[in-house]
Amino acid sequence: MPLNRPMQRRQLLVSGASAAMLAATTGRAMAATYPDRPISFICPWPAGGTADRSMRAICQAAARVLGQPVVLENRAGASGMIGTKALATARPDGYTIGQIPISVTRFSQIGSVQLDPLKDLSYLARTSGQTFGIAVPASSRFQSLRDMVIHAKSNPGRVTYAHAGVGGATHVGMEQFAQAAGIELNAIAYKGGSAALQDVLGGQVDLLADSSSWAPHVEAGKLRLLATWGEQRTPRFKDAPTLKELGYDVVVEAPNGIGAPKGLPPAVEKRLRDAFRIAVNSEEFKQVADAIDAPVMYLDGPDYEKYVRSVYRQETDLIQKLNLKELMLKG
């Protein structure tokens, strides 16, 4: 005998309501106990670099708020994408979080990392930007960026520069600059800024394109800073002009942030957002950010996600303009 259809509907409604109540109760229970063990934090860059230093500081500050250790794990390689992929595919329970390089918006579209940053990641907090620049050894023939450009025009492909990974901010930023300057440079890729720095200090590469790993060596007189890449001059190195000042319409700040796999329980996501808001604004983090010339550029999770979406659209245009898919194959 067929079941009464109104009764079926009532049973389905009751079942759905029961499931929703169970989920809400589970979420509240999780929020009450989370975190009850250490949290793993994936840093997609090598130990010792500027990203590693800033993330260690923010993890320490967040750990105090959360009441559990936030243990940093370096998973470097593929211009930050090995660690980012590991983050995106982790269990979404709040016990694996990490730094998200904004370049994931580029690599995902090029196809060098199999994830969708608009669907596979949760965004908790944008943290800080970076002060990028072009530096040369103190003994270099290039006294200014103009000197380098003149030499590069006469010697296409002969001037070498070290960067922190193919398709990353330092690589793409230099290619944007080279296109604007009408020159061809020889890009040398490294797994991170620290290794790139060492080879420039050793005189094996002509130029260093990096965030401020060069800063202490500029102050010590071992490197000379030719230009920075921000909208304005950096307060610590006021004598170094920006690319924009020198007539090249290139600005690169590449702010990073903190994220997690998609699908976090809402109460856990809120707990993490609150913790990292406090951590980003802590004196501990600000001191490290100042030391590595990383301006604090905080955004809470929802606004950070909107920012990522806007950058994703910009990267679509940049990929076409620089023919980045071909550039990646060369690199």
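Taken together, the values in this text are just the output of simple stated rules run on the coordinates, not laboratory data. Being a predicted model, the structure only gives us computed values, none of them experimental. Note that each Cβ is placed from the backbone with ideal geometry, even for glycine, and that neighbours are counted across all protein chains shown.
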Item checked: Cα-based helix-to-principal-axis angle, 169-181 vs the chain, degrees rounded to 10 -> 50
Next item on the list: Kindly express, to the nearest 10 degrees and within the range 0 to 90, the angle between helix 301-322's C-alpha long axis and the longest C-alpha principal axis of the chain.
Entry: 50
Item checked: Highest-first arrangement of 213-219, 123-129, 270-276, where packing means the average Cβ count within 10 Å -> 123-129, 270-276, 213-219
Item checked: Degrees, to the nearest 10: 145-154 long Cα axis against longest axis of the chain -> 70
Item checked: Bridge type composition, the chain - antiparallel percent by DSSP, nearest 5 -> 55
